[in-house]
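Below is one structure, written out as structure tokens, with a few remarks after it.
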Amino acid sequence: MKILRDLFRDFRFLLSFCVLLLLLMMALLSFFTPYDPTLIGVVPRDLKPSSTYLLGTDTNGQDIFWQACNAVRNSLIISLIAGLVSRVIAILVGMVAGYKGGWVDRVLMFFGDALLVIPIFLIMVMMAMLVREFMNLVVLGLMLSFFGWAWDARVIRSLILSLREREFTNTAVLSGTGTIRLVWNEYMPYATPLVFSTLINNMSWAIGLEITLAILGLVNMNIPTLGTMLNWAINYQAILLGHWWWILTPVVLSVLLFIALYWLSVSISEYLDPRTRIQRVGA
Amino acid sequence: MNFIKKYLIPRLVSYVLVIFLGITAVFIIPRLIPNDPVQRTIQALRARGSLLDPGTMDGVIRDLTEMYGLGGSWLDQYGAFWSRLFRGDFGVSFFQFPTRVNVLIGTAMPWTLGLMLTTTFFSWTLGNLIGGLAGYYSRKTWSRVLDTITMVIRPLPYYIFAFALLLLLAYVVRWFPISGGTEIGRTMDFNWELVKDILWHSTLPALSMTILGGAVVFQTMKLIVQNVNAENFVQYAKLSGVTEDRIVTKYVIRNALLPQITSLALSLGQIFSGALITEIVFSYPGLGYLLYNAIITGDYNLIMGITVFSIVGITTAILVVDLTYPLFDPRIRYS
């Protein structure tokens, strides 16, 4: 409880927490959508926001409010799959590379560095084009997770490298602790806060890429996400026709989401690293 | 000699290996997916309503198989793939049949290169300069205001930021053109009018990339400078009466710049992807827009060509930045 109280003292944490809570409520509301969100033509077209249609309706004949709720939920699902699976890869790679060292370390880190250096956006476009027919939330999430582990594996590896040199490692090894137990029981607690703060960054990255791939038409356009909503609005010339309520909904929601996730991760990692905390106070 | 052995050789080896790995991925990915690109292309042709008699169809299938390099075993295909790449041959584009992929990439390349070079230069220089000053004077109000602004801009992805800027500056207040690299129908003879037109159309894409890239550079630079500031030699310089301007430029910023060169090299790939995305937002006639059209029309050859070109280009650029590093860091000496 004390941790939370300390965190809430940071206005950025408070603000982003509230925004995320709001978006989460939208995501939960999506389970009460009065019609199937993949259907079109369920409500009158192109209506301005009113008391019946909170955020208006679009040219597809869908209620933008309910579309937005589903979009937020689906974007969060994609980013959670991508974030969690890539965390598992990053932890495994980082720990094995850091603990084993030698050529295992060199090979694993070479693959990681290659992923950082190669313009993976293009590789992802190629992959997405080929799996277009099977594309859904899970496939997209897994695809993103496959590309999103490299940097964080490097961070975890360097943490393990420093932990391996500490006294308690020797004590544990000499008193007969197995490698897996040592890594899991002794090292994991050190890595957990790091994993958590990189998870948030990774989720934000995944949502951004989903939007980009959706704009290129490379995801399933019938499933509402922040990206597909924006794509439909652009394709139906919502800007030129002046349907501001349609184009602004996904833009504003994603801007809020990105800023909230970033501020949350910054305030948490500042809290975890006392040096930056001191800098903020200005000592 | 030592420089070559310790610095040059490892970098060259990893350069070659990364290119090898990337291009092998480009080769393998389409072959892992359980559907036949030839059949898919035929289906796409049919869906567009072109009717072909069976004889022509067989010919088309043969041509496509050869074009995709799908004849023979995987090993044969792999060998053929590399020999085509070494000849710089990416086949024919479907989207603008029968223009060769090389020609399309060649016309689009200068646009992307120009956009990327200018924006990288501006965002890196301005970001480091302003970030350095803001880090040194971190308690001044303007420094805190800039910090808050970057906290808002930094997390936005290229697409959303460019799109928001487009909405704001081209639709709401009509200061800038909405799309394109020049006015529609302008001929490409070189004259002053053309240069002005291109600059005018490039301002908004360049602005969005510079602000977004600069925000990242600003933040890291500010953090590094704040750390350098706490070092003993800066305190010593202050106490021995070195002027403040001199401390900022010669002592603090100069030391903080070194890690920034490394991070520039590491972020080139992302900047490039960002350039592609920004071009799509502004319909700017570079590689990104070409990629967009290739995706829309399912032009696989063109996408492959762009990807291979980019892998080679980006890794080479990173190698060059990496190799210039010893010039800036006097501590690295291999003699």
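A short reminder: the numbers here are calculations on the coordinates, not readings from a lab. Because the structure is a prediction, the values reported are computed rather than measured. In this analysis, Cβ positions are derived from the backbone assuming ideal geometry, glycine residues included, and neighbour counts consider all displayed protein chains.
Averaged over the residues of peptide B:17-27, the number of Cβ atoms from other protein chains lying within 10 Å of each residue's Cβ is 4. Taking trypsin sites (Lys or Arg not before Pro) in DSSP loop conformation with at most 16 other Cβ atoms inside 10 Å as exposed sites, chain A has its longest uninterrupted site-free stretch at A:46-165. Structural descriptor for the range A:10-152: relative contact order 22 percent, calculated from alpha carbon pairs under 8 angstrom and at least 6 residues apart.
Cross-link pairs exceeding 32 Å in C-alpha to C-alpha distance, out of B:K140/B:K250; B:K6/B:K238; B:K5/B:K238, comprise B:K6/B:K238; B:K5/B:K238.
Mean silhouette area of the range B:88-134, derived from the convex hull of its C-alpha atoms and averaged over all directions, reads 4.4 nm².
Here, the range B:119-203 has an Rg and a Dmax of 17.4, 53 Å when only alpha carbons are counted. Projecting the Cα atoms of A:I91, A:V131, A:H243 onto the charge dipole of the range A:69-280 (Cβ charges, centred on the Cα centre) puts A:I91 farthest toward the positive pole. Its Kirkwood hydrodynamic radius, worked out from the mean inverse distance over all distinct Cα pairs, puts chain B at 23.3 Å.
Converting the Cα gyration tensor eigenvalues of the range A:209-254 into ellipsoid dimensions via √(5λ) gives semi-axes, longest first, of 17, 11, 8 Å. Computed over the Cα atoms of chain A, pair by distinct pair, the Kirkwood hydrodynamic radius stands at 21.0 angstrom. In whole percents, the pair-distance distribution calculated for the range B:152-311 from its alpha-carbon pairs, binned every 5 Å from zero, is 1, 8, 13, 14, 13, 13, 11, 9, 7, 5, 3, 2, 1, 0. For chain B, the longest principal axis of the alpha carbon atoms and the long axis of helix B:192-229 meet at an angle near 50°.
Computed from the Cα positions only, the extents of the range B:230-270 along the three principal axes stand at 43, 18, 9 Å, in decreasing order. In the range A:69-280, Cα pairs under 8 Å separated by at least six residues give a relative contact order of 29 percent.
Computed over all pairs of different Cα atoms, the Kirkwood value for the hydrodynamic radius of the range B:253-335 is 14.8 Å. This model, with +1 at the C-beta of Lys and Arg and -1 at the C-beta of Asp and Glu, gives the range A:69-280 a dipole about its Cα centre of some 220 debye. Shape summary of the range A:109-192, radius of gyration then Dmax from alpha carbon positions: 18.2, 55 Å. Once the Kirkwood radius over Cα pairs is known for the protein assembly as shown, the Stokes-Einstein relation at 20 °C and 1.002 mPa s delivers a diffusion coefficient of 80 µm²/s. Dipole magnitude for the protein assembly as shown: computed about the Cα centre from +1 point charges on Lys and Arg Cβ and -1 point charges on Asp and Glu Cβ, it is near 1800 debye.
Its Cα centre serving as origin, chain B has a Cβ charge dipole (Lys and Arg +1, Asp and Glu -1) of approximately 1220 debye.
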